[in-house]
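Novice: Mind having a look at this structure? Questions to follow.
The values are calculated or read from the model by the stated rules, or taken from the named source; none is laboratory data. From a predicted model like this one, the values you see are computed outputs, not experimental measurements. FYI the Cβ positions are ideal-geometry reconstructions off the backbone, even for glycines, and counts take in every protein chain you see. Ligands, DNA and RNA are excluded from the accessible area calculation, which covers all protein heavy atoms including side chains. Shrake-Rupley method; radii C 1.70, N 1.55, O 1.52, S 1.80 Å.
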Amino acid sequence: AVVLGGAWTALERRDAQLGKELGGTLLTINESVHKSLNMWLESRSREIQHLARDRVLRPLIEEMLALSRDADSIRASSALRQLRILYQHHMKEMGARGFFIIAPDRISIGSMRDANVGTTNLIAQQQPELMDRAFAGEIVFIPPIHSDVPLRDAQGRMVEKAATMFLAAPVHNVAGQVIAVVTLRFDPQTDFSRITQAGSVGQTGETYAFDRASRMLTVSRFDKDLRTIPNDQEVNSQLLNLRIRNPGGNLMTGYRSQRPQAEWPLTQMAAEALAGRKGVDTQGYRDYRGVPVMGAWLWSDQLGVGLATEIDMEEALASYYQMR
């Protein structure tokens, strides 16, 4: 009895110590990825600010603004051709995939694609408050939104409503007034996901970003596993389609929810982060796969996204289970 009692006490202490250590590690990884994302944003913000102040850019934009909003007139303009030549060089240096010049009426008057010009800009449609901030004079990061044209995914397939993200900066005239907004488009599967993937520890640990609608903004480490879940569970691993919600059981071991995904509650982590509360949990909760995990999280006002770092309980406590 004495030996068993001593062993049990030692195990409880080890369990508490291990939980504290794991919680600290998850917090450190989460904060490290957050700092890396902020560094990426600050670097790109300086570059687009420099671009928005280019002396060649302003007269070209003023010429574009003087044109009618007719798409054919915009496409035929020499100013658009010169803008494309100017931006092609800068886009290559910054790793951008495209650009927009947006007029105050929210019409795209410049783009690398003919299909975009002369139409209401997709950022103004999906994130109007962020566009308003850009026209108010801020440099604004636009987290992943749905593209208005098909884009290639990580497997090279053309995908409708694929995820894309932007950085926007105001363009001023000589009087200091904002006359337009310039944006650069980035691929969240590379620029954003690669940074968060640095927070993938062990065999099941991952760090990912999500928005206020609880939509996954970065590539899931378990993308291949999620593709095996039957369609009736409405779990789509494509960016902006995967929701950070608790299905109520482990989908990876065959659990099937009887409720539609829209009725699943937020995971404990997502609920806390969306409420603006930074935290860590080593007691365990179910993630978007329904797998019990430990996690640390925060909400970034600068980025406008939530950031979670999680690892499966089974892997995290493997040494404790072995000792027990």
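Novice: Check V178, V182, V174 and return the single one that is open to solvent by 30 Å² or more (accessible area, probe 1.4 Å) and in contact with a Phe, Trp or Tyr (Cβ under 8 Å, 6 or more places away or on another chain). Spell out the reasoning first.
Specialist: Values: V182 fails: open to solvent by 30 Å² or more (accessible area, probe 1.4 Å); V174 fails: in contact with a Phe, Trp or Tyr (Cβ under 8 Å, 6 or more places away or on another chain).
Step by step, each of V178, V182, V174 is checked, and only V178 is open to solvent by 30 Å² or more (accessible area, probe 1.4 Å) and in contact with a Phe, Trp or Tyr (Cβ under 8 Å, 6 or more places away or on another chain).
Novice: Can you name every residue in segment 31-61 that is open to solvent by 80 Å² or more (accessible area, probe 1.4 Å) and closer than 19 Å to F135 by Cβ?
Specialist: R53, R58, listed by residue number.
Novice: Which of the residues belonging to segment 166-192 are of a type outside the set (A, V, I, L, M, F, W, C) and part of a loop (DSSP other than H, G, I, E, B)?
Specialist: Once the filter is applied, which keeps residues that are of a type outside the set (A, V, I, L, M, F, W, C) and part of a loop (DSSP other than H, G, I, E, B), segment 166-192 yields N173, G176, Q177, D187.
Novice: Moving to a separate point now. Do we have A134 as in contact with an Asp or Glu (Cβ under 9 Å, 6 or more places away or on another chain) and not in a strand (DSSP E or B) here? Can you show your working first?
Specialist: Details: in contact with an Asp or Glu (Cβ under 9 Å, 6 or more places away or on another chain): no; not in a strand (DSSP E or B): yes.
Considered against the rule, which asks whether it is in contact with an Asp or Glu (Cβ under 9 Å, 6 or more places away or on another chain) and not in a strand (DSSP E or B), A134 comes out as no.
Novice: Sort out which residues of segment 71-83 are open to solvent by 50 Å² or more (accessible area, probe 1.4 Å) and either under 29 Å from D191 (Cβ atoms) or in contact with a strand residue (DSSP E or B) (Cβ under 8 Å, 6 or more places away or on another chain) (or both), and write them in order of number.
Specialist: R75, R81, Q82
Novice: Also, quick follow-up: Can you go through L307, L303 and tell me which one is touching a Leu at 6+ places or on another chain (Cβ under 7 Å), part of a loop (DSSP other than H, G, I, E, B) and within 30 Å of L41 (Cα to Cα)?
Specialist: When all the criteria are applied, what remains is L303.
Novice: Can you pull out every residue in segment 267-278 that is in contact with a strand residue (DSSP E or B) (Cβ under 6 Å, 6 or more places away or on another chain) and open to solvent by 10 Å² or more (accessible area, probe 1.4 Å)?
Specialist: If the condition is that a residue be in contact with a strand residue (DSSP E or B) (Cβ under 6 Å, 6 or more places away or on another chain) and open to solvent by 10 Å² or more (accessible area, probe 1.4 Å), then Q268, E272, G276, K278 are the ones that fit.
Novice: Out of the residues in segment 257-284 that are over 18 Å from S220 (Cα atoms) and of a type in the set (S, T, Y), which is farthest from the chain's Cα centre (by Cα)?
Specialist: Within segment 257-284, the match that is farthest from the chain's Cα centre (by Cα) is S257.
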